[in-house]
Amino acid sequence: MDLPRESIGINDKDLQKVFKYEPGESTVVTRLEGSKQKSTIESINTDDRWEEWINMLPPPDSLNSGLILILARRPGQMNLSMRSTNCPAKEDRGLSCGNKPVLNNGGSRSVRTLPFSPKVFKLMSEKFYIHGSIARVINRSDVPHFSRVEMEIEIEGSTHPAYAYNCRTTNAWEADLALTVTHFPRSGLTYAILFGCPVSIENEVIARLNYPGVEASYPLLLPGIFAELERNRHLNIIEDYINNIEEKIFELDYQLPVEQQIRCPSIKGQSKDKRSQWLDTAYLKNSLVTWNTQLFKMAGHIGELRNTLFGPHERKYSRIGNDDIPCVGCDSKMNMLTEPICHPLCETSCIGPVSGYYQYRTIPQNWKSVELRNHRMRIFGARINSRLQAMMEEYEDKIRECAMRLDGMAMATQWSHGDTNVEIALATGRDSRHMRSIAVVTMVFLPGTFCASVFSMQFFNWFPGDDGNTMVSRYFWIYVLVTIAMTLLTLGVWYYVSWKEKQQKQHNADSQEGMHV
């Protein structure tokens, strides 16, 4: 059984087999809560500068909370100042200008090509504490994915809890992305790498990271942005696919007659296009269903964070003293505050004694700042969850639209086939009438032909005249009489059989009508 990997960093086998390397320029974003600047954005393109920057990263057990993000640029992407202005949006997203998105059939694997050297990426995976399963997620390129792992990381002899998140979009269409995030809840520090990032996505991610305060260190901030990016890509694909399949549906209303379809060489290609469009739309619908499932998992994890990591401060109650014990614990100079809950002399709100005793709680000195931070995180998580719920509803609507178009195309195809069958039946009826005429003519000439063949045999001796010239035999009337008699007999038999069949059909129809009455 292939168990999920719990290792930190990517092993040498995956570094060689899964990833390819084309060293180039990439952008790093540092957003620390204690820094004076809102965010630090820098472009790095040499191994020496990468190693220097990685070695300067704050450790997970530092007092700095925030976000450190590497935007691994997609291969072939130029610098921002070098971009062409003819069609920047589509070129940056890996789409050709003026072309609608089409299925890649698994051919594009740009996410696996990294703008780093193997040495730098190995060091990066260790210092960013990347979970080893990201290699398998990226390698499984045709399936959208979201997963989270809780783990314990040992750093310099101490153990630190951490959350690891992996996200992947399908490469069935251009501009697929992958994301790995490692969050340390004690310090609130997050390390992340976004793979396959075009320049336009870089700008959009940087613009979305302008959050004040502690929100930048929320664990699911980057997966939420990742979901927004995939939504934008899906909306363009869905619109184009729906327009294409509607065009194919309308084409079914203007089918050529059967005779012209037989003579038209392009009919076969048009039928192939319709089948391909139907299959592509069905694949798109299934992909939307799968991605919507990943969003549901993401929203469920937000609820888990709200109840555990960012839950209200734990209150530990104890009963001591009696009514004569004065209020204690109001000295702010003490490291640990013992705050009375019910004592009437205390400045805090009191709810009264419990069985003659008073309740006390022991809380850390910085509990108010911790509770304020958790409160802000819960509010921010609720905002992300609300947005995810809205996106899931939107995806459900788009899935229904795709299903409706698929059903519409199936119904239109059935109607078109029904019309074609009716036309074929009418053409067959016309051909039957022509064959009937031919049969009648055949019956008229067949007896004469038969009699001529019989009379030409030696059973009959037709003597010529005395002068040796050919003459009409005086028995010629026998041929005429027998031919006419056999022709009338043949026509009579045919007419009698046809009339009997007609009478039988009429009788059956009358019988069925009487049964319904």
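Of note:
- Lone qualifier among Val214, Val181, Val199 - being within 22 Å of Ala382 (Cβ to Cβ) and under 24 Å from the mean Cα position of the chain (by Cα): Val181
- Members of the stretch 174-192 that are closer than 23 Å to Ser141 by Cβ and modelled with pLDDT of 90 or more: Asp176, Leu177, Ala178, Leu179, Thr180, Val181, Thr182, Ala192
- Where helices (runs of 4 or more DSSP H) sit wholly within the stretch 1-110, those with at least 2 residues that are at pLDDT 55 or above occupy 12-17, 47-55.
- Scanning the stretch 151-170 for residues that are modelled with pLDDT of 90 or more and outside any strand (DSSP E or B) returns Thr169, Thr170.
- Every pair of residues 6+ apart whose Cβ atoms lie under 9 Å, when the first sits in the stretch 2-18 and is in the same structural domain as Arg136 (by TED's automatic domain parsing) and closer than 24 Å to Phe184 by Cα while the second is modelled with pLDDT under 80 and among the charged types (D, E, K, R): Asn11/Arg5
- Checking each residue of the stretch 134-150 against the condition of being among the hydroxyl-bearing types (Ser, Thr, Tyr), assigned to a helix (DSSP H, G or I), in contact (Cβ under 8 Å) with a residue 12 or more places away in the chain and more than 13 Å from Leu69 (Cα to Cα) gives no match.
- Top-ranked residue of the stretch 183-215 - restricted to ones that are part of a strand (DSSP E or B) and in contact with a His (Cβ under 7 Å, 6 or more places away or on another chain), ranked as surrounded by the fewest Cβ atoms within 10 Å (Cβ to Cβ): Phe184
- Which listed residue is crowded, with 19+ Cβ neighbours inside 10 Å, closer than 20 Å to Met298 by Cα and in contact with a Gly (Cβ under 9 Å, 6 or more places away or on another chain), from Leu177, Leu222: Leu177
- Every residue from the stretch 193-224 that is at pLDDT 90 or above and of a type in the set (Asp, Glu): Glu202, Glu204
- In summary, Ile351 fulfils each of the numbered conditions (1) at pLDDT below 80; (2) part of a helix (DSSP H, G or I) with the single exception of condition (2).
- Here Pro161 does not fit the description of being farther than 29 Å from Phe380 by Cα, touching a strand residue (DSSP E or B) at 6+ places or on another chain (Cβ under 7 Å) and touching a residue at least 24 places away in the same chain (Cβ under 8 Å).
The values are calculated or read from the model by the stated rules, or taken from the named source; none is laboratory data. Because the structure is a prediction, the values reported are computed rather than measured. Neighbour counts run over all protein chains shown; Cβ positions are idealised from the backbone, glycine included.
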